[in-house]
Amino acid sequence: MMSFLLSLTRSPSRLIACLTTATALLLIAMPTPEGIPPNALTGAALCLLAIGLYATAVIPEYLTALVFFTLAMILGTADANVVFSGFHSAAYWLVFGGLVVGVAVQKTGLGLRIATSITSRLAQSYTQTVIGIALVGIALAFVMPSTMGRVVLLVPIVLALCESLGYEKGTPERSGLILAMACGTWMPANSVLPANVPNMVLVGVSENLFGVTFNYGEYLLMHMPVNGILKLALIIGLILVIFRSTGRTQAAPTSEEDVKPLSRDGRRLVIILGITFAFWTTDFIHHISPAWIAMAAAMVCLWSGIGLIDGDDIKARFNFPSTIYVAGILSLGALLVETGAGDIAGEWLLAHITFSKDTPFMSFVSMVGLGTAANIATTAPSVPAVIAPLAADIAASSGLPLKTVLMSQVIAYSTVILPYQVPPLIVAMQLGGIPIKDGAKMTVALAAVSLLILVPLNYLWWSWLGLMQ
């Protein structure tokens, strides 16, 4: 017993995991206080348990998801359709389809061909490669509305690029390039209205509850200068500092002359991906979910008459544990909302955060802090569903316009403390083989700098726009 306790003191991750697990068990054992929904404590306990295990990675992430599913059903926390909602979420099937397409990209050599084209233009140095990949991530946000879709499209390409440049698994350069793509695809893209799920949830809640609507240009003006461009610059800078090149000789970029001509299967895949991308970028016309477009592409890749990949390829290369992990992350937010635990957390935070009409800056900071705290407790996609209904009360207490209060949530859910809060970030790390600790280093540092520098700058920018009065 003593040796176990000593091992905890030497391993902060294990200590945190034990503390969160013990707290979760205590919440499960407690009787439900009067006025609290029957399953709220259990829902909060299971989410705390999962978050503690996800954040510390003391057991494999897919195993944490299985523990979450199993306990939720045994304890009767919610119906099966809620507990396993991640599996019938469109985001899950978008990941599934993207993984299948990723296998085809690797097998046909298309990933290497694309990587070769990139290296011949922007891989003259590690710094230049990081900048180029981060810019590609944000650029796609303007034409491809699904963050998860962008991630599963780019990960195989970045991995092929790493192989081409000689950045092996476990090297800081490989972690840096994957995280530059993942962070560049998620955080700054919150500045583009249709570019991710939380934005759409926020817009829907704002219109349904308060009759407040946002158009594309207005939203872009409010968020892109600070939360988009400056955050992208921060991401690039922090990647270069945290995952600085080790100084090893970078492998000479493979020239196009050194690569075999693209096979017939590769050319077929180009056509499939071209059609897929065309449907993704025109979803505002046909209204087909990106998930079903990805699944259609996966089905074509698997079709026996086409023969891009087969069952053996799926067995050998398909990362099935990642799909369980993603389903667990997606189900976590649904369980919080269904049991009422998310509402209780939001109301408790609101009761303990001070807003004043005399100090608009402090009220602004408090709003961002409220959303950031909710982000930790419920994950980014659930923040608008939990905090937006409180916007009218916050506006009355702070004296700030309702629209400003609603838009402050964008800053909050784009401030990511730990990777588990953002499913696309987790997917990128899983597909890229990036350890949780590397992702946590990046998100903690980026969140700290964002809160210290970007939040005050955002206040000044919104003041100049006349949004703080």
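As a footprinting exposure proxy, order K315, K107 by other Cβ within 10 Å, with the fewest listed first.
Details: K315 9, K107 20.
Sorted ascending by nearby Cβ count, the order is K315, K107.
What whole-number distance in Å separates the alpha-carbon centres of the stretch 365-434 and the stretch 39-53?
The stretch 365-434 and the stretch 39-53 have Cα centres spaced 19 Å from each other.
For the chain, state the semi-axes of the equivalent ellipsoid (square roots of 5 times the eigenvalues of the alpha-carbon gyration tensor), sorted largest first and rounded to whole angstrom.
Details: eigenvalues 256, 144, 105 Å².
Over the Cα atoms of the chain, the semi-axes work out to 36, 27, 23 Å.
Taking the Cβ-Cβ separation of E34 and E218 as r and a Förster radius of 56 Å, what is the calculated FRET efficiency to the nearest 0.05? Provide the component values of the computation, followed by the final result.
Values: r = 45 Å, r/R0 = 0.80.
The pair E34/E218 has a calculated efficiency of 0.80.
Restricting attention to the stretch 356-437, which trypsin sites (Lys or Arg not before Pro) occupy a DSSP loop and are surrounded by at most 15 other Cβ atoms within 10 Å? Present the calculation step by step, with values, prior to reporting the outcome.
Values: sites: K357, K403, K437; in loops: K357.
Qualifying residues, ordered by number: K357.
So if a site counts as exposed when it's one of the GluC sites (Glu not before Pro), its DSSP state isn't H, G, I, E or B, and it has at most 16 other Cβ atoms within 10 Å, what's the longest stretch of the chain without one?
Working: sites that count: E34, E168.
Counting only loop sites that pass the neighbour cut-off, the longest clear stretch is 169-469.
If r is the Cβ-Cβ distance from R267 to L26 and R0 is 35 Å, what FRET efficiency results, to the nearest 0.05?
On the way: r = 60 Å, r/R0 = 1.70.
E between R267 and L26, to the nearest 0.05, is 0.05.
Can you give the relative contact order of the chain as a percent, counting alpha carbon pairs under 8 Å and 6+ residues apart?
Working: 679 pairs, mean separation 104.9, N = 469.
Computed value for the chain: 22 percent relative contact order.
How large is log10 I(q)/I(0) at q = 0.11 Å⁻¹ when the Debye formula is applied to the Cα atoms of the stretch 321-469, each weighted equally and without solvent?
For the requested q values the scattering log ratios are -0.44.
With each label point set 7 Å from Cα along the Cα-Cβ vector, what nm distance links L15 and L452?
Once both label points are built, they end up 2.3 nm from each other.
For n ≥ 4 DSSP H runs only, could you compute -39500 (n - 2.57) per run for the chain, divide by its residues and tell me the 222 nm figure to the nearest 500? Intermediate values should be presented prior to the final figure.
Details: 26 runs with 328 residues, N = 469.
Here the helix-only value at 222 nm equals -22000 deg cm²/dmol.
Expressed as an acute angle from 0 to 90° and rounded to the nearest 10, what is the orientation of the C-alpha long axis of helix 126-140 relative to the principal long axis of the chain?
Relative to the chain, helix 126-140 is tipped by roughly 70 degrees.
Any idea how far apart K441 and D312 come out in nm if each label point goes 7 Å out from Cα toward Cβ?
If labels sit at K441 and D312, their model points lie 3.9 nm apart.
Could you please report the charge total around I36, scoring K, R as +1 and D, E as -1 over all other residues with beta-carbon less than 12 angstrom from its beta-carbon?
On the way: positive: none; negative: E34, D343, E347.
Within the 12 Å Cβ shell, the charges total -3.
Once phi is turned into ³J(HN,Hα) by the Karplus curve 6.51 cos²θ - 1.76 cosθ + 1.60 with θ = phi - 60°, what whole-Hz value does each residue of the stretch 421-434 show in order, with x for glycine and proline?
5, 10, x, x, 5, 5, 4, 4, 5, 5, 5, x, x, 8
Only the coordinates and a few stated rules stand behind these numbers; no lab work does. Since we're looking at a predicted model, the values are computed, not measured. Every residue, glycine among them, receives a Cβ derived from its backbone with ideal geometry; neighbour counts consider all protein chains shown.
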